[in-house]
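One structure is given here, and the rest of the page talks about it.
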Amino acid sequence: MNNKVAVLIDGGFFLKRFQRINSRSPRIDDMKPFLDDIMKKVNDCTSHPDSCDVLFRAFYYDCRPFGEKRKDPHGKEMDFSLSPAYKAGSLFQSDLRTFPQMALRLGDLSFDGWKVDERNAGQYIPDFKQKSVDIKIGLDIAWMSSKRTIDKLVLVAGDSDFISPMKFARKEGILVYLVPMQHNIKIGLREHADFIIG
């Protein structure tokens with residue numbers, strides 16, 4: 001019997017950790033090796049080659065890049081749609097839409113004004129807040145676990161907000177794997193994961 005595996009990726013976390021590890025932003029060509037590596041570490045078919053785990057689906061959660069115009073505290077208008085981050089984010093999400101066995105789940109990115117850049121005195125940076133992303137992840141975990149759509153859940157994240165969904169999945173009999181991408185995660189996340197994938 002083939003175990004079905006779902007890989008849930010917190011996009012904001014993934015982007016930061018990928019950039020930290022690789023000193024560049026991810027491209028769509030990076031996704032297949034990333035998922036293949038996860039499946040290789042999750043898979044348990046050495047003694048029974050006919051019962052290898054299979055990828056049910058990968059889910060990527062993020063916000064649409066913010067592309068509106070806003071005036072900074074000095075009165076200068078900034079068009080965020082012209083920024084390299086907006087263009088790279090839009091292209092990456094566009095490519096994810098057609099990536100095999102990938103579901104793109106998008107929340108909203110709200111502009112909450114400006115804040116002082118701690119690394120550059122006197123400079124301001126936009127204050128963005130994600131909305132609905134964590135909720136979408138939690139709901140998908142609950143849905144797949146309660147329906148027994150999957151046998152194994154792989155969560156690429158580092159946020160303690162996911163402890164409750166992880167606990168629910170385990171109560172439903174789902175094996176939970178956590179991929180912290182070399183991030184120093186809190187003990188609560190470790191406690192409620194069956195396995196940590198390095």
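Kindly provide the set of residues from the stretch 113-158 that are of a type in the set (Phe, Trp, Tyr) and at pLDDT 95 or above, ordered by number.
TRP143, the sole residue that qualifies.
Look through the stretch 136-165, keep the residues that are assigned to a helix (DSSP H, G or I) and aliphatic (A, V, I, L, M), and return whichever of them is surrounded by the fewest Cβ atoms within 10 Å (Cβ to Cβ).
LEU139
Could you please find all residues in the stretch 166-195 being in contact with a helix residue (DSSP H, G or I) (Cβ under 7 Å, 6 or more places away or on another chain) and in a helix (DSSP H, G or I)?
Result: PHE168, ALA169, GLY188, LEU189.
Is it true that some residue in the stretch 168-185 is in contact (Cβ under 8 Å) with a residue 40 or more places away in the chain and charged (D, E, K, R)?
No - not one qualifying residue is present in the stretch 168-185.
Quick check: is even one residue across the stretch 29-44 over 22 Å from the mean Cα position of the chain (by Cα) and more than 29 Å from GLN123 (Cα to Cα)?
yes
Table: residues versus (1) of a type outside the set (S, T, N, Q); (2) out of contact with any Gly (no Cβ under 6 Å at 6 or more places or on another chain); (3) within 30 Å of TYR177 (Cα to Cα).
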residue: LYS41; (1), (2), (3): yes, yes, yes
residue: PHE59; (1), (2), (3): yes, yes, yes
residue: GLY89; (1), (2), (3): yes, yes, yes
residue: GLN93; (1), (2), (3): no, yes, yes
residue: TRP114; (1), (2), (3): yes, yes, no
residue: ILE135; (1), (2), (3): yes, yes, yes
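Does the stretch 1-13 hold any residues that are closer than 30 Å to SER51 by Cα and touching a residue at least 60 places away in the same chain (Cβ under 8 Å), and which are they?
ASN3, LYS4, VAL5, ALA6, VAL7, LEU8, ILE9, ASP10
Just checking, how many residues over the stretch 83-109 are exposed (fewer than 15 other Cβ atoms within 10 Å of the Cβ), among the basic types (Lys, Arg) and under 26 Å from MET39 (Cβ atoms)?
1
Considering only the stretch 95-108, I want to know if a residue exists there that is more than 30 Å from LYS167 (Cα to Cα) and more than 18 Å from the chain's Cα centre (by Cα).
no
Is one or more of the residues making up the stretch 63-71 at pLDDT 95 or above, crowded, with 17+ Cβ neighbours inside 10 Å, within 20 Å of LEU109 (Cα to Cα) and not hydrophobic (A, V, I, L, M, F, W, C)?
No, the stretch 63-71 contains no residue that is at pLDDT 95 or above, crowded, with 17+ Cβ neighbours inside 10 Å, within 20 Å of LEU109 (Cα to Cα) and not hydrophobic (A, V, I, L, M, F, W, C).
Being within 19 Å of LYS41 (Cα to Cα) and at pLDDT below 95 is the filter here; which residues of the stretch 159-182 pass it?
Within the stretch 159-182, GLN182 is the sole residue that qualifies.
Do you know which residues across the stretch 87-105 are outside any helix (DSSP H, G or I) and aromatic (Phe, Trp, Tyr)?
If the condition is that a residue be outside any helix (DSSP H, G or I) and aromatic (Phe, Trp, Tyr), then PHE99 is the only one that fits.
Looking for whichever is in contact with an Asp or Glu (Cβ under 9 Å, 6 or more places away or on another chain) and exposed (fewer than 12 other Cβ atoms within 10 Å of the Cβ) here; the options are ASP79, ASP36. Which one fits?
Of ASP79, ASP36, the one residue that is in contact with an Asp or Glu (Cβ under 9 Å, 6 or more places away or on another chain) and exposed (fewer than 12 other Cβ atoms within 10 Å of the Cβ) is ASP79.
The values are calculated or read from the model by the stated rules, or taken from the named source; none is laboratory data. Quantities reported herein were computed from a predicted structural model and do not represent experimental measurements. All Cβ positions, glycine included, derive from the backbone under ideal geometry; neighbour counts span all protein chains shown.
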